[in-house]
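The values are calculated or read from the model by the stated rules, or taken from the named source; none is laboratory data. As the structure is a prediction and not an experimental result, all values here were calculated from the model. Heads up, the Cβs are rebuilt from the backbone with ideal geometry, glycines too, and the neighbour counts pull from every protein chain shown.
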Amino acid sequence: MASKQSRLSIRVKLTIALLICAVFTPIALVAYTSFLQEETLLEKQVLEIQYRLDTESQFVKSLLDTTSRDVVFLSQVPVVRMFSGTDYFATRKANETRMLDHFSKVSSTEVFVDFMKTYPLYLQLTYLDSKGIERLSINQQQGQIHLIGNELLEDQSHRSYFSHTMSLSEGEVYISDIELYSRHESNDSTAEPIIRLATQVYDKRGSLQGVLLINVSGQIMLNIVQKQMPMNGLIFLIDPEGYYLAHQNAKKRWSKLRGNRFSLQSDFPGLDELPALLSDGDFHHIAAEGNEVFVSPISTEFDKRRRWYIVRLIPSSLFVDSARSYHLVILLITIFGILFSLIIGYTFSRVWLLAPIKKLTDMTGEISKGRYTTMCHEHHQNDEIGELCTSFNQMSTALEQADQERKKHLDVLNKEIAERKKLESDLLLHRTFFEQSTDAMFIADDESRFTYVNPAFSEITGYASQEVIGNETGLLHSGKHDANFYKSIWRKIRKDGYWHGEIWERRKGKENFPALQTINTIRNETGETHYVSIFKDITRLKETENELWKLAHFDQLTNLANRKLLEVRINQAISEAYRNKRDGKGDKAGTENKRNGRALSAAIQCAI
């Protein structure tokens, strides 16, 4: 019974542990998933609000960028350049309005009017000369376009926008803050918000002539605030300091411009640090005093210094309040479920698995030290641990047998290594012999092609190894021997396996030289045939032999042939004479030749 319980214990405990984990882990995961869904909903709402605010900001940015491109374009229109470069203004009082009627109104004015009709938000388009004097001005009110009379044109040189524009480079655009503007500054009731955009005007010669100005209606800013949004809350337009430019409350609109000083920080003290956050020009989401504040910047491509901000304020109670109410409960359930599952898993692994496995690990350590006789004594158990112990015992026995076989193979391998080292040593010795020998050596294959040459070969023949490897040995033939001579050499090699003798060879520079050469045949284990040739240059030896022969056959004083050479020559002549007679008395002729030759040689020498 105890054996049966031991066999079932691990499986039963494992099943119980898995069931507990299977119950509590899903609960924790469901709770955590709910938490993530709530967080996702929050993120989704933030992204939706950001998208709406960025869309409005992009609309304003697009309008300002388009106007900036328009004012640059107008400044480069040929009729405007011509208009700015004429001397009309210098003679204006004398000529009155004739040039204005015939040139300005017909050309530049028509271009300006066309632009004003195209863009209803353009309230005023004005050209000022380089001194800041208005020379041409067109207003647009309620869809009606009016050309300002000459008597109403003013000096704007004291305005900051004029001095700023004159300090720019060609093609740059000045963009002002939002201003309250009236043609007559004393009449505040007619003032309306505008944004000024101005650029420089050059004549066709490239000389600075003045400034082109467009006043854009700031009403577009108020329209953003008046639009309906999908959630309850408030929406404002503020400047970088936090002062209201547009607000649902008319009294707070354009507060800084009107001197009211209403700001977002004054209404919501928790946002005192807002101006510092706005300096980076990014979208921001801030939680402050029970409100969710979303801020989206408006900037322009032509003037990065000008920036305004759309602010959306929503009470936190309306902003997915349920998610934040249950966050703590969800987190507690998640933490409890995960901790409980970890405790069950740790208990099972520590008590029911790690302890028995530790014993088997100790056994493995003993086996790794070569103690194969170590056995697991728990193999009598009928559970999984017992089966594992039985397998370990079998493995230990098999490893012991394998170790014995390994030692046998190791002995054989050591012998082979020793033999290989000796063979490598012999090969090194033979190679050293080849490389350091003063005799020329080369090896050729069975087709008489060079496969190896030693340094002495290159020194004697003048051929580098790369020049001859792969070429036929006939490269060294001098031309002094006929084909029968070389055939006799190959017959000797095939018959006896070698040939030895003198032979004329040829160097790289076509110079022939005598050589004493030995050729041997070698065959490897596969039956391949190679030829090893060793030769030396015997030019010096031949020169010595010739010198000795000359000393033996010529008188050193007179350089004439001596008695010995004379005897040889006379004997040769007598032998030739006897051969011509063909009398068949060869032996007698030879004896007579020697006797008569010596006598004749003596007589001739005496006569000399």
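Residues that are β-branched (Val, Ile, Thr), modelled with pLDDT of 70 or more and closer than 30 Å to Ile460 by Cβ do not occur anywhere in region 567-582.
Find the residue count for region 497-541, including only residues that are loosely packed, with under 12 Cβ neighbours inside 10 Å and closer than 15 Å to Val453 by Cβ. Qualifying residue count, region 497-541: 0.
Taken together, the residues in region 360-379 that are modelled with pLDDT under 70 and in a helix (DSSP H, G or I) amount to 3. The residue list Pro240, Pro269, Pro275 contains one member that is assigned by TED's automatic domain parsing to the domain that holds Arg307 and either charged (D, E, K, R) or surrounded by fewer than 15 Cβ atoms within 10 Å (Cβ to Cβ) (or both), which is Pro269.
Does any residue of region 279-302 turn out to be of a type in the set (Gly, Ala, Ser), under 25 Å from Pro193 (Cα atoms) and modelled with pLDDT under 75? Looking for residues that are of a type in the set (Gly, Ala, Ser), under 25 Å from Pro193 (Cα atoms) and modelled with pLDDT under 75, one finds at least one in region 279-302, hence yes. Looking only at region 45-64, how many residues end up being within 38 Å of the chain's Cα centre (by Cα) and surrounded by 19 or more Cβ atoms within 10 Å (Cβ to Cβ)? Going through region 45-64 one residue at a time, the tally reaches 0.
Residue-by-condition table, conditions (1) under 54 Å from the mean Cα position of the chain (by Cα); (2) assigned to a strand (DSSP E or B); (3) buried (at least 17 other Cβ atoms within 10 Å of the Cβ):
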{"residue": "Thr432", "(1), (2), (3)": "yes, no, no"}
{"residue": "Phe442", "(1), (2), (3)": "yes, yes, yes"}
{"residue": "Glu467", "(1), (2), (3)": "yes, no, no"}
{"residue": "Gly474", "(1), (2), (3)": "no, no, no"}
{"residue": "Lys480", "(1), (2), (3)": "no, no, no"}
{"residue": "Phe485", "(1), (2), (3)": "no, no, no"}
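Look through region 288-321, keep the residues that are outside any strand (DSSP E or B) and in contact with a Leu (Cβ under 6 Å, 6 or more places away or on another chain), and return whichever of them is nearest to Ser176 (Cα to Cα).
Thr300
Restricting the search to strands (runs of 3 or more DSSP E) fully inside region 104-185 and requiring at least 2 residues that are touching a helix residue (DSSP H, G or I) at 6+ places or on another chain (Cβ under 7 Å), farther than 23 Å from Asp239 by Cα and at pLDDT 80 or above gives 122-129, 134-141, 144-147.
Cβ-Cβ contacts under 9 Å between residues 6 or more apart (or on different chains), taken from a first residue in region 529-543 that is basic (Lys, Arg) to a second residue that is modelled with pLDDT under 90 and part of a loop (DSSP other than H, G, I, E, B), are listed as Lys536/Thr438; Lys536/Asp439.
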